[in-house]
Amino acid sequence: MSIYSIKELEKLSGIKAHTIRIWEKRYSLLAPLRTDTNIRCYGDDELVKLLNVTSLMSLGFKISKISEMSTHEINKQLDKLIDEIKFSDSISEVLTNQLITSAVNFDEFAFEKAFSTAILKYGFIDAYIKVIYPLLEKAGILWKKSDLMPAQEHFLSNLIKQKIQSAINSIPPAPPSERPWILFLPEEEVHDIGLMLSSYIIREHGNQVIYLGARVPAESLYSVLELFPKAKLLFFLVKEFEEKVINSLIKNVNSNYPNSNIHISTNPLRLEQIEKDSDFEKITSVESLVKKL
């Protein structure tokens, strides 16, 4: 069992720590453990219950009503509502919470149900924007905990990757081009879900993709560019990285393959680490990628 602070519950559920304390006192909604120094802490069951409570509230239930339900009744009511109101405007938050819960419980059946509902309502790309991306943001908080089992992260990310790969496989490959998209992650990068989704989007728009995957040595990238010097490159920066390594990669591509185009997706803080005179284009969203196609 993993242990969470009240602040971590706040980040994962969106419910303020102050409100959580009130609910505990007024409704006995959660039953926190206590550390040796008498600080509140919570287990997996409490996290899942709070996420389910949050989901019911987003669907119109009052906390006073929810507090009268047992954990079993909360789960049953939520399952019923997900089946009945698949096209509610509030369902994206509910589905995100359900996917996190499926990871905590290693429940592939629950994952499949929530994921399929997201695809049914939104379609593949919008499901990623409205459900999967928020899930990854929340999970990013979750997985950074040193006492959380890494297996939960692998369980969730591998199920998502399977779904994206299945969608990619449904698209016939585009014919060869002198300007294919080369998709890769630098040597220290391993988080390739965004890269896989980009592959799907680019392929869906009829473009050739050369997918190199994660942890690609610079020399391997250059060997591909020798064959496709006009290629469009796309990579993601998620982890902290050595500035000189990334800046060297960009400058080498700019100098030796001037007819190629580099596209980078990362957060603003990472962008500040890239030298100002580097020639590249930012990809800040699915929409911004589509505009490049």
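Below, the figures for the structure above:
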{"item": "Any hit, the stretch 64-84, residues being at pLDDT below 95 and closer than 19 Å to Gly140 by Cα", "result": "no"}
{"item": "Unmet criterion (only one of (1) at pLDDT 95 or above; (2) assigned to a helix (DSSP H, G or I); (3) over 30 Å from Ser5 (Cβ atoms)) for Asp126", "result": "(1)"}
{"item": "Pair list, Cβ under 9 Å, 6 or more apart: the stretch 23-46 residue in contact (Cβ under 8 Å) with a residue 60 or more places away in the chain, other residue among the acidic types (Asp, Glu)", "result": "none"}
{"item": "First in the stretch 64-85 and farther than 21 Å from Ile119 by Cβ, second anywhere and among the acidic types (Asp, Glu) and assigned to a helix (DSSP H, G or I), Cβ under 9 Å, 6 or more apart", "result": "Thr71/Asp45"}
{"item": "Complete set of residues in the stretch 25-40 that are buried (at least 16 other Cβ atoms within 10 Å of the Cβ) and either modelled with pLDDT of 90 or more or under 23 Å from Ser92 (Cα atoms) (or both)", "result": "Leu29, Leu30"}
{"item": "Filter pass, Leu51 being free of Cβ contacts under 8 Å to residues at least 40 places away in the same chain and surrounded by 14 or more Cβ atoms within 10 Å (Cβ to Cβ)", "result": "no"}
{"item": "Filter pass, Val290 being surrounded by fewer than 17 Cβ atoms within 10 Å (Cβ to Cβ), touching a residue at least 60 places away in the same chain (Cβ under 8 Å) and not in a loop (DSSP other than H, G, I, E, B)", "result": "yes"}
{"item": "Selected residue [aliphatic (A, V, I, L, M), farther than 30 Å from Lys232 by Cα and in contact (Cβ under 8 Å) with a residue 24 or more places away in the chain] from Ala110, Ala167, Ala151", "result": "Ala151"}
{"item": "Only listed residue being touching a residue at least 24 places away in the same chain (Cβ under 8 Å) and small (Gly, Ala, Ser), chosen from Ser220, Ser255, Ser198", "result": "Ser198"}
{"item": "Arg270, sole failed condition from (1) in contact with a helix residue (DSSP H, G or I) (Cβ under 8 Å, 6 or more places away or on another chain); (2) surrounded by 16 or more Cβ atoms within 10 Å (Cβ to Cβ); (3) closer than 29 Å to Gly140 by Cβ", "result": "(1)"}
{"item": "Condition broken by Thr35, with the remaining ones in (1) among the hydroxyl-bearing types (Ser, Thr, Tyr); (2) farther than 29 Å from Ala118 by Cα; (3) under 29 Å from the mean Cα position of the chain (by Cα) satisfied", "result": "(3)"}
{"item": "Condition check for Ala118: under 25 Å from Ile160 (Cβ atoms), without any contact (Cβ under 8 Å) to a residue 24 or more places away in the chain and aliphatic (A, V, I, L, M)", "result": "no"}
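The values are calculated or read from the model by the stated rules, or taken from the named source; none is laboratory data. As the structure is a computational prediction, the values presented were derived from the model and not from experiment. Positions of Cβ are generated from backbone atoms using ideal geometry, with glycine treated the same way; all protein chains shown enter the neighbour counts.
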